[in-house]
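Visitor: What follows is a single structure, and I will ask about it in a moment.
The values are calculated or read from the model by the stated rules, or taken from the named source; none is laboratory data. All of these numbers come straight from a predicted model, not from anything done at the bench. Cβ placement follows ideal geometry from the backbone for every residue including glycine, while neighbour counts extend to all protein chains displayed. Heavy atoms of the whole protein, side chains included, go into the accessibility calculation; ligands, DNA and RNA do not. Shrake-Rupley method; radii C 1.70, N 1.55, O 1.52, S 1.80 Å.
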Amino acid sequence: MRKKRLLSLLLSAICLGTFPLPGRAQVRPGTEADSVLLVANQGDRDLSIIDPAVAQQIAVVPEGGVTGHEVVASPDGRTAYVPIYGDSGVGKTGSDGRNMVVIDIPTRKVIGNVDFGHGVRPHCVVYDRNRDLLYVTTELDQSVTAVDPRTLKVVGSVPTTQAESHMLAITHDGRRGYTANVGPGTVSVLDLTARKTITVIPTASIVQRISISNDDSMVFTSDQTKPQLAVIGTSTNKLKTWVPLLASGYGTASTIDGRWLLVAMPSVAKVAVIDLGTLRVVRTVDVPRGPAEILIRPDGLVAYVSCPPSNKVAVIDLAQWKLQATIDAGKYADGLAWAGKPSAQSPNGKR
């Protein structure tokens with residue numbers, strides 16, 4: 001009787017899909033079967049779609065342009081937006097991108113296009129759920145451009161008054177924006193409602209990347225001339241302090257619980273972990289060569305780190321602070337975004 005009972009339970013588990021069979025992808029705790037990780041591959045000029053449950057690339061979508069660096073997903077997880085920057089690096093000579101492609105994730109096809117009217121080098125795109133708007137940094141216009149995701153029309157512009165406004169972070173309520181202006185070494189503080197510049201904060205000779213803490217009290221950008229991270233207080237719009245690093249930092253991201261800030265350090269293939277209570281580095285995690293961008297998964301359990309020179313995405317276990325896996329993506333894998341159910345998204349898409 002016992003053997004028959006066990007056999008019956010086993011058959012039921014297989015039918016229900018709860019028993020792992022060889023070749024069947026299992027959904028790990030904290031992930032959803034219909035959630036995917038998106039990676040903008042600069043070198044291949046396409047978008048990787050990665051199954052986070054098995055940590056594998058399952059599809060690529062050609063962008064049809066040269067080339068996308070960053071990506072964001074719509075709140076329903078069905079649509080991806082990829083600005084087409086051009087063939088140059090920030091501040092360098094090359095082509096000037098003028099559009100953003102729209103990709104349907106389920107069918108894996110380009111279904112739309114946003115034309116900015118002239119070459120602007122569109123780069124970082126952020127989805128503001130509060131107003132259902134896309135904000136895109138448009139470097140050559142020294143601005144952030146607002147786009148209606150339903151009509152794919154430009155509906156406004158916010159001046160940054162600075163060259164090379166490369167990356168953007170916005171507050172949870174969507175009222176304030178902060179751009180990292182690479183060559184000028186400044187941070188522009190933007191009133192996104194009134195669509196004007198509030199102030200410009202001198203920071204370093206050259207800066208890269210920007211993020212905001214989960215309580216919106218601090219903004220972070222990396223000094224490219226010294227191994228240190230700038231911490232800006234949003235209540236004063238002034239430089240608050242510097243955090244010394246092992247090597248020059250790049251992309252940053254705060255954990256969901258607000259306790260830690262992760263900082264990519266490309267030259268040493270490590271991610272630094274800063275205690276946001278003390279503003280000190282407390283540990284580092286080894287990752288593949290050239291870490292650049294960091295995305296915290298919405299469940300708070302995992303951080304994804306793109307490593308462009310390695311063509312990989314590192315997966316960091318945030319409970320153990322260890323490298324959990326590496327995912328093969330496309331050539332020069334760069335920008336990251338999470339596409340999932342509305343309940344599994346951060347308030348403003350990519351942050």
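Visitor: Working out 0.36 nm times the residue gap between Gln228 and Arg259, then minus their Cα-Cα distance, what length gain in nm do you get to one decimal? Write out the running numbers ahead of the final one.
Guide: Values: separation 31, 0.36 × 31 = 11.16 nm, distance 1.93 nm.
Additional length available on full extension: 9.2 nm.
Visitor: Is the shape of the range 107-184 best called rounded, prolate or oblate, per the rule: a/c under 1.5 gives rounded, else a/b larger than b/c gives prolate, else oblate, with a ≥ b ≥ c the square roots of the Cα gyration tensor eigenvalues?
Guide: Details: a/c = 1.86, a/b = 1.27, b/c = 1.46.
Verdict is oblate for the range 107-184.
Visitor: Moving on. Counting each DSSP H run of 4 or more residues in the chain as -39500 (n - 2.57), what helix-only mean residue ellipticity at 222 nm follows after dividing by all residues, to the nearest 500 deg cm²/dmol? If you can, show how the numbers build up before the last one.
Guide: Details: 1 runs with 15 residues, N = 351.
So the helix-based figure for the chain works out to -1500 deg cm²/dmol.
Visitor: If you roll a 1.4 Å probe over the heavy atoms of the protein chains, what accessible area per residue do you get for the range 135-265, in Å²?
Guide: On the way: 4740 Å² over 131 residues.
Result: 36 Å² of accessible area for each residue.
Visitor: Top to bottom by accessible area (1.4 Å), largest first, where do Leu152, Leu140 land? Before the final figure, lay out each step's value.
Guide: On the way: Leu152 40, Leu140 85 Å².
Highest to lowest solvent-accessible surface, that is Leu140, Leu152.
Visitor: Rolling a 1.4 angstrom probe over the protein chains, ignoring ligands and nucleic acids, what is the accessible area of His123 in square angstrom, nearest 10?
Guide: His123 has an accessible surface of roughly 0 Å² with all protein chains in place.
Visitor: Checking the a/c ratio against 1.5 first, then a/b against b/c, what shape does the Cα gyration tensor give for the range 212-276?
Guide: Details: a/c = 2.47, a/b = 1.33, b/c = 1.86.
Because a/c hits 1.5 or more and a/b fails to exceed b/c, the range 212-276 counts as oblate.
Visitor: Once the Cα atoms of helix 2-16 and of the chain are each reduced to a long axis, what angle between those two axes, in degrees from 0 to 90 to the nearest 10, is obtained?
Guide: 30
Visitor: Further question: Would you check the accessible area of His118, probe 1.4 Å, heavy atoms only, in square angstrom rounded to 10?
Guide: Counting only protein heavy atoms, His118 exposes about 80 Å² to solvent.
Visitor: Please give the length that would be gained between Lys109 and Thr193 if that part of the chain were fully extended, namely 0.36 nm times their separation in residues minus their C-alpha to C-alpha distance (nm, one decimal). Working shown, then result.
Guide: Numbers: separation 84, 0.36 × 84 = 30.24 nm, distance 3.31 nm.
Additional length available on full extension: 26.9 nm.
Visitor: Which residue fluctuates the most in the chain, going by a Gaussian network model with Cα springs under 10 Å, if the choices are Asn113, Asn311, Asn130?
Guide: Asn130
Visitor: If you keep only loop residues by DSSP, which trypsin sites (Lys or Arg not before Pro) in the range 133-175 have at most 16 other Cβ atoms within 10 Å of their Cβ?
Guide: Arg150, Arg175
Visitor: For Asp299 and Gln320 in one chain, what is 0.36 nm times their gap in residues minus the Cα-Cα distance, to one decimal in nm?
Guide: 6.0 nm
Visitor: To continue, here is another question. When the accessible area of the chain is split by element with a 1.4 Å probe, what percent falls to carbon and sulfur?
Guide: 52
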